[in-house]
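Only one structure is covered here, and it is reproduced in the block below.
The values are calculated or read from the model by the stated rules, or taken from the named source; none is laboratory data. Just so you know, these numbers come straight off a predicted model, no measurement behind them. Neighbour counts run over all protein chains shown; Cβ positions are idealised from the backbone, glycine included.
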Amino acid sequence: MTSEYPCAGCGARVEYAPGTTALRCPYCGFEQQLATPDRTVREHAIDELATLPRKPLATLAAHTLVCQKCGAQTQSDAIADRCQFCAAPLVADVTSGEQIAPEAVLPFAVDRGAVREALGKWARSRWFAPGSLKKVTDAESTRGTYLPHWTFDAKTVSDYDGQRGEHYYETETYTENGETRTREVQRTRWYPASGTVSRDFDDVLVTGTGKVTTRHLEKLEPWPLAQAVPYQPDYLAGYTALRYDVEPESGLETAKARMAKVIENDCERDIGGDEQRLNWIRTRYFELMYKLVLLPVWIASYLHGGKTFTVLVNGRTGEVIGQRPYSRLKIVIAVLVGMVLAAVIIWLIVVLGHGHGPRRR
């Protein structure tokens, strides 16, 4: 099952207009307001996962998206795409129960024009980049894509055992060049330390797809998750939306690893002193909650030297993060120019130095 998005003005199709609450026709400009949601974004208890009738990711088949405009069928792993024949928006029904349905969506706020401008500014600021980098601003190769992310909440109580180090100084005598001298040397006294810290975590974000490099996605953070709205398929009209391929249980383990780093810092602050050592930390988790949210990313790609490079743009802020090649020719030219300038400067120093030397009769 797929949603249908015909334009009431010209019969073409409408798409979600970034930064608005409306669907807009890219041809005649007709706008259709989105329905006001009758619910709020909510978290779900981790324990509910065991009761959901979902299928393992390995057994899931591709969606069959049926275009309501031309009747063509498209096989896709995405939950939203475009018809490969007429480019009409296709959004799958996510209520089948095979996967967890998105709870929330953070709508696009940056449109194509703003993306092109942001990419152009980014490309121009890359030193020693080849001319092919300019291709990244090509609107046809840039796709607005909603990427799945898990968020996790938890209340934690952590017991720890460690040591607190306190600095003190001793006067040390040493000999240098036959002379006896003194200096202050820092030492550390260690004392046993133990205690308990607690912390509430809210919306710890974990990428739900392995199709985009995680370290690049993380550089687009932070996201204004408080501005997310209850999921509606209309927000996906005209865009691609990937379904998750990271199970929530796996995402929770990643979230706990991120929480652990924060908890470790809390323990070290609680120990105090000048230095800290931790022998062990034991954490208990309470009120573990999760939700699936779709985040907006513009994805651009371009070819250079037979290799594909990808650039990501935050669909809310316009921040650009991406891969870039280097032009060997530009680097060589820059090095040669630098060598020439250095040679000219040395020559001028030598000539001017001789010119101001003593005159002979």
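Some values worked out for this structure:
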{"quantity": "Tally of residues being within 30 Å of P107 (Cα to Cα) and part of a loop (DSSP other than H, G, I, E, B) across segment 137-187", "calculated": "1"}
{"quantity": "Criterion: closer than 28 Å to V320 by Cβ, touching a residue at least 24 places away in the same chain (Cβ under 8 Å), surrounded by 14 or more Cβ atoms within 10 Å (Cβ to Cβ) and touching a helix residue (DSSP H, G or I) at 6+ places or on another chain (Cβ under 7 Å) - qualifying residue of G251, G208, G238", "calculated": "G208"}
{"quantity": "Residue that is modelled with the lowest pLDDT, among those in segment 277-334 that are part of a strand (DSSP E or B), more than 30 Å from D47 (Cβ to Cβ) and among the basic types (K, R)", "calculated": "K307"}
{"quantity": "Members of segment 267-291 that are within 23 Å of L252 (Cβ to Cβ) and out of contact with any Lys or Arg (no Cβ under 6 Å at 6 or more places or on another chain)", "calculated": "C267, W280, I281, R282, T283, R284, Y285, L288, M289, Y290, K291"}
{"quantity": "The listed residue being at pLDDT 75 or above, in the same structural domain as E249 (by TED's automatic domain parsing) and in contact with a strand residue (DSSP E or B) (Cβ under 8 Å, 6 or more places away or on another chain), out of A80, A35", "calculated": "A80"}
{"quantity": "Complete set of residues in segment 9-27 that are at pLDDT 90 or above and surrounded by fewer than 17 Cβ atoms within 10 Å (Cβ to Cβ)", "calculated": "G19, T20, T21, A22"}
{"quantity": "Residues of segment 263-276 that turn out to be in a helix (DSSP H, G or I) and surrounded by fewer than 14 Cβ atoms within 10 Å (Cβ to Cβ), as a count", "calculated": "2"}
{"quantity": "Condition check for T156: closer than 30 Å to S301 by Cα and β-branched (V, I, T)", "calculated": "no"}
{"quantity": "Pair list, Cβ < 6 Å and 6+ apart or interchain, from segment 330-343 residues that are surrounded by 10 or more Cβ atoms within 10 Å (Cβ to Cβ) to residues that are at pLDDT below 60", "calculated": "K330/F128; I331/F128"}
{"quantity": "Failed item, numbered, when V337 is tested on (1) assigned to a helix (DSSP H, G or I); (2) at pLDDT below 65", "calculated": "(2)"}
{"quantity": "Segment 152-193: number of residues that are surrounded by 15 or more Cβ atoms within 10 Å (Cβ to Cβ), farther than 30 Å from E218 by Cβ and not hydrophobic (A, V, I, L, M, F, W, C)", "calculated": "4"}
